[in-house]
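Notes to accompany the following structure.
The values are calculated or read from the model by the stated rules, or taken from the named source; none is laboratory data. Since we're looking at a predicted model, the values are computed, not measured. Cβ placement follows ideal geometry from the backbone for every residue including glycine, while neighbour counts extend to all protein chains displayed. Heavy atoms of the whole protein, side chains included, go into the accessibility calculation; ligands, DNA and RNA do not. Shrake-Rupley method; radii C 1.70, N 1.55, O 1.52, S 1.80 Å.
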Amino acid sequence: MDKNFDFKRAEAEHNAKWIDNAMFRAVVNPDKKPYTIIMPPPNITARLHVGHALTYTIQDAIIRFKRMQGFEALMLPGADHAAIATEVKVAEELKKQGIDKRDLSPEEFMVHINKWYVHYTAEIKTQMKRLGLSCDWSRFGFTMDDQTTLAVNTVFHNLYAKGLIYQGERMINYCTTCGTAVSDAEVEHEARSQTLFTIRFGNIDIATVRPEAIFSAAAVAVNPRDKRYAKLVGKMATIPFINIEIPIIADETAEMKFGTGAVQMTAHSTQSHEFTTKYNITPVKVIGMDGKMFGERVGEFAGMTVAEARKAVAKKLKDEGFLVSEKKHTSNVGVCYRCHVEIEPFVSLQWFVKMKELAKPAIEALNNGLMIVPKKFEKVYLHWLNNIRDWCISRQLLSGHKIPIDGVDDKLDTWFSSALWPFSTLGWPDKTDSPDFKYFYPTDTLVTAYEIIFFWVIRMVFSGIEHTGQLPFHTVLMHGLVRDKIGRKMSKSLGNGIDPLEVIEEYGADVMRFSLIVGTKLDRDPRYSIEKAVLARNFINKIWNAVKFFNVMAADGIDDEINPKALCHADKWILTKLNAIIKSTTKKHEKFDFGVAANELQSFFWNDFCDWYLETVKVSGNKRQSLAVFRHVLVNFLKLMNPLMPYVTEEIYCNVLKMGETIAFEAWPVSEFNFAREKREFDSVIEVVETLRTNKSDDVTAVAVDWAFAAENGLVEKLSGVKIEWRPVAEPTITTKISKIHLVVDEDARCAKVEKQIAHIDMEIERCRKMLSNPGFTNKAPRQKVKEEEDKLLELERQREILAGGK
RNA sequence: GGUCGCUUAACUCAGUUGGUAGAGUACUUGCUCGACACGCAAGAAGUCAUUGGUUCGAGUCCAAUAGCGACCACCA
């Protein structure tokens, strides 16, 4: 065996084996129950980041676990065309080559888009494969492939025919940089510092952060309860520069406390839109879809961008005495989630999905078999669905799915196709009668970071219900976002990101996977730093070395079978411990609690198996049997560990132990051995060893021990490193549960130690007595608990007596 | 403004139904005793954010406060 685990060689070998033999290709198998995970398709615009590594590790852990439990496991991979994001990236690329997107015809531009699709789909696949995912590559889907396109068109026509898709003039969010409408979910709100201007509109002062919009003002609103303006209601205000008169109207929309309490109503805010619709006013538009000022009213500002015009108008207002005051003001501004430029609200002709009706069954789904883990996200889910507004699905882009209506050039929101992903990937609609679709759909668990609940999860749920009549999955598992060492989001601008591919390159995929998961709960945002990779690497090294030890020992002979009658204490102890860890790991995996399970497995292997059991094997009286036990525990451990560490477990199982072609399809371990009494007894032996280790140091000249486990004498001497005289001890200085120990030591040192121990016991006795003398406790606590305390007190008093006597 | 989280050892995190606070790292001390220094053994280290309540008993349940964070929302 190699000195250390050669992950590079092992990863290459096993990955090639898995992929070349299509080992994880799922098939319709009536003898097995299916378990399906449709993987969230990553955007083809970026390299995989550590968040992908986390989510795919979780998904792969689930699917490997289910596969070993005997399910026909399908994990279906794919990639998303990410319409806007890709278009922006391609345009940037072209710019670097000196090509301006606007100089290209749509057809020419699409050539570049298509090239990008091909190149980066392959790239993403390669990167995903490095994580060691056990997905079915033969079913890899792309959101622009024929199958998805068919599903998109079918869904569009179905919804259109039902009147659930309509075209209308509505107030929408428009990104002037991306040049397209975006949906509500695509608008982020950021706190930004702005200037709040107070501007004289003739007889009234209005407050606004958008001086450039004054040219569009069609009314001024004041609160009906605002006494300051009561006599002005019904009068006219005057727009500066252009001297157009507009009415002053009393309406609740104006907040008395904000600014001057008077606000302009224009064509360029949602608040205004609601107002002008209510009063049947049509404001004049002065900002174009290109984000530039236009029209007669704006005069010399025509052609300026909004940002330019804001400055210029403010300056002119000041110069001409219309500006009453200006002050800093922080408020939330809607920005495009892609480019983070301020969103312009526009009334424009777009396509929408009517949501109220579709949302209803999605809300009810929580009572009809949909489970969201952790449960706290149910509230977020419901809140959004209960307040949902129609979904703007048209985008003014060149790439993406075309709205399938003759003469319409708009494309569809990229999430329109994502929403169909759980069933379009399985052949819906054309292969809905196929065994594949019938077998694998509905899928089982959807795993994703919580940030994507609105964009995606909710839309998949209502789409599944609407188009297939079934929930697309029964469980949604939401996990956190990976943060850096001090809790910040990992981002390019902060430079605090960790590249999973670099970690894999340096430490291996198992390290990447294990270190992301171990010791965390999925509902929290895990913090990640490279130190965690080092720890995981050390653990794998520990496993590797234990196997090396086994190999050396087994060369001298090993029994094929475990014979329970021939086992020693330690053998039975570790088998019973194994039994417990199998139960616990299984239970935790069922609850998706992989992080805590990983912690327990690590502790089991390192502390119980290596620190204790492995050491006993060295002095075992029946080595051939003990090694059979060793192998049994090791193999079961490998199986339990496989979902998180597929490579090293596969390498040991197949290449070192030569137990088979792959561990991935071996049955998940079940409890077999349970020796409760022997386990308890060996725990006591350990206690004796630990007692001896603790006490052996300071000036101990001789040790005598009296106990009933003569067979373990050699073991205790070996493990404690103490030379022991085994004889009856009349006056013990220390007693454990199963032994009397007499230490011949330096008196002063011993007395000090004993006194410390007595002080500790006294504290505990005090606590016990207090509890037991409290009638509240003895009357109200469960009888068993009271009995426990009584026994504990007796034992403590006995120990104290012995200690005091020895002194 | 609304909603929801989080706060446990120096650090990263566990802590099932309330019953004397746990792990790993780091730290201190000692280690070449059949694999492992990416290691072995021993040790020290915590007012469980604060306050109040419920209870015989609270890290755990309830309320308030503080700090941090996330999401939602048209205060111009």
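Share of chain A's accessible area from carbon and sulfur, percent, 1.4 Å? All intermediate terms of the calculation are to be shown ahead of the outcome.
Numbers: 19080 of 36640 Å².
About 52 percent, which is the carbon plus sulfur part of the accessible surface.
Let me make sure I get this right: for the stretch A:150-259, a, b and c are the square roots of the gyration tensor eigenvalues over alpha carbons, sorted descending. Under 1.5 in a/c it's rounded, otherwise prolate if a/b > b/c, else oblate. Which is it? If you can, show how the numbers build up before the last one.
On the way: a/c = 2.67, a/b = 2.18, b/c = 1.22.
Prolate, since a/c reaches 1.5 and a/b exceeds b/c.
Once amide H atoms are built 1.01 Å from N in the peptide plane, which residues 5 or more positions from A:MET304, or in another chain, come under 5 Å H to H?
A:MET293
What are the membrane-span-like helices in chain A by this rule: whole DSSP H runs, Cα extent along the axis at least 18 Å, mean Kyte-Doolittle hydropathy at least 0.0? Walk me through the numbers on the way to the answer.
Numbers: long enough: A:7-20 (19 Å, -1.26); A:50-68 (27 Å, 0.19); A:83-96 (20 Å, -0.06); A:106-130 (36 Å, -0.83); A:146-161 (22 Å, 0.11); A:306-319 (19 Å, -0.55); A:530-554 (36 Å, 0.51); A:569-590 (32 Å, -0.70); A:623-641 (26 Å, 0.49); A:676-695 (29 Å, -0.75); A:747-772 (36 Å, -0.66); A:783-806 (35 Å, -1.32).
Helices meeting the criterion: A:50-68, A:146-161, A:530-554, A:623-641.
Within the set A:LYS95/A:LYS431; A:LYS66/A:LYS125; A:LYS577/A:LYS658; A:LYS354/A:LYS379; A:LYS489/A:LYS577, which residue pairs have Cα atoms separated by over 31 Å?
Values: A:LYS95/A:LYS431 42 Å; A:LYS66/A:LYS125 23 Å; A:LYS577/A:LYS658 25 Å; A:LYS354/A:LYS379 22 Å; A:LYS489/A:LYS577 40 Å.
From A:LYS95/A:LYS431; A:LYS66/A:LYS125; A:LYS577/A:LYS658; A:LYS354/A:LYS379; A:LYS489/A:LYS577, over 31 Å: A:LYS95/A:LYS431; A:LYS489/A:LYS577.
Please state the shape class of the stretch A:660-793: rounded when a/c is under 1.5, otherwise prolate if a/b exceeds b/c and oblate if not, all from the C-alpha gyration tensor.
Judged from the Cα gyration tensor, the stretch A:660-793 comes out oblate (a/c at least 1.5, b/c at or above a/b).
Cα-Cα over 25 Å: which of A:LYS588/A:LYS639; A:LYS257/A:LYS278; A:LYS521/A:LYS587; A:LYS8/A:LYS618; A:LYS285/A:LYS402? Walk me through the numbers on the way to the answer.
Details: A:LYS588/A:LYS639 15 Å; A:LYS257/A:LYS278 23 Å; A:LYS521/A:LYS587 15 Å; A:LYS8/A:LYS618 32 Å; A:LYS285/A:LYS402 29 Å.
Exceeds cut-off: A:LYS8/A:LYS618; A:LYS285/A:LYS402.
Amide H to amide H, which residues 5 or more places from A:ARG483 or on other chains are under 5 Å from it, using H placed in the peptide plane?
Amide H neighbours of A:ARG483: A:ARG527, A:TYR528.
Which trypsin sites (Lys or Arg not before Pro) does the stretch A:6-111 hold that lie in a coil by DSSP with at most 15 other beta carbons within 10 Å? Write out the running numbers ahead of the final one.
Working: sites: A:LYS8, A:ARG9, A:LYS17, A:ARG25, A:LYS32, A:ARG47, A:ARG64, A:LYS66, A:ARG67, A:LYS89, A:LYS95, A:LYS96, A:LYS101, A:ARG102; in loops: A:ARG25, A:LYS32, A:ARG47.
Sparse-neighbourhood loop trypsin sites (Lys or Arg not before Pro): A:ARG25, A:LYS32, A:ARG47.
Quick one: if the Förster radius is 45 Å, what FRET efficiency do A:THR701 and A:ALA667 give, using the C-beta to C-beta distance and rounding to 0.05?
Values: r = 55 Å, r/R0 = 1.22.
With R0 = 45 Å, the Cβ-Cβ based efficiency is 0.25.
Give me the accessible area of A:GLU690, 1.4 Å probe, in Å² rounded to the nearest 10.
Near enough 90 Å² of accessible area.
Keeping every protein chain in place, order A:GLU590, A:GLU245 by accessible area at 1.4 Å, biggest value first, i.e. largest first.
Numbers: A:GLU590 90, A:GLU245 110 Å².
Order by accessible area, largest first: A:GLU245, A:GLU590.
Protein chains only, probe 1.4 Å: how do A:HIS569, A:HIS189 rank by accessible area, largest first?
Values: A:HIS569 30, A:HIS189 135 Å².
From most accessible down to least: A:HIS189, A:HIS569.
Give the aspartates and glutamates whose C-alpha is closer than 14 Å to that of A:LYS162, dropping any in the same chain fewer than 8 places away, or say none.
A:GLU357, A:GLU466
For chain A, restrict the atom set to alpha-carbon positions and state the Rg and Dmax in Å.
Rg then Dmax for chain A, in Å: 35.7, 112.
Please list, in chain and number order, the residues 5+ apart from A:TYR337 or on another chain whose amide H is under 5 Å from its amide H, with Hs placed from the backbone.
Here the answer is A:GLU188, since their amide H atoms fall under 5 Å of that of A:TYR337.
Mind giving me the FRET efficiency for A:LYS360 and A:VAL187? R0 is 30 Å, r the Cβ-Cβ distance, nearest 0.05 is fine.
0.75
Please find the FRET efficiency linking A:ASN29 to A:HIS760, where r is the Cβ-Cβ separation and R0 is fixed at 51 Å, and quote it to the nearest 0.05.
On the way: r = 61 Å, r/R0 = 1.20.
Here the calculated transfer efficiency is 0.25.
How about the stretch A:176-277: which trypsin sites (Lys or Arg not before Pro) there are in a DSSP loop, with at most 15 other Cβ atoms within 10 Å of their Cβ?
Passing sites in the stretch A:176-277 are A:ARG225, A:LYS235, A:LYS257.
Please identify the trypsin sites (Lys or Arg not before Pro) of the stretch A:705-764 that satisfy two criteria: DSSP loop assignment and at most 15 other Cβ atoms within 10 Å. Which are they? Present the calculation step by step, with values, prior to reporting the outcome.
Details: sites: A:LYS718, A:LYS723, A:LYS737, A:LYS740, A:ARG750, A:LYS753, A:LYS756; in loops: A:LYS723, A:LYS737.
Those satisfying the criteria are A:LYS723, A:LYS737.
Can you tell me the order of A:558-567, A:528-537 when each peptide is scored by its average per-residue count of other Cβ atoms within 10 angstrom, highest first? Spell out each step's value before the answer.
Working: A:558-567: 13.5, A:528-537: 17.8.
Output ranking for A:558-567, A:528-537: A:528-537, A:558-567.
Could you do me a favour and compute the accessible area per residue for chain A, 1.4 Å probe, result in Å²?
Numbers: 36640 Å² over 807 residues.
Per residue, chain A has 45 Å² of solvent-accessible surface.
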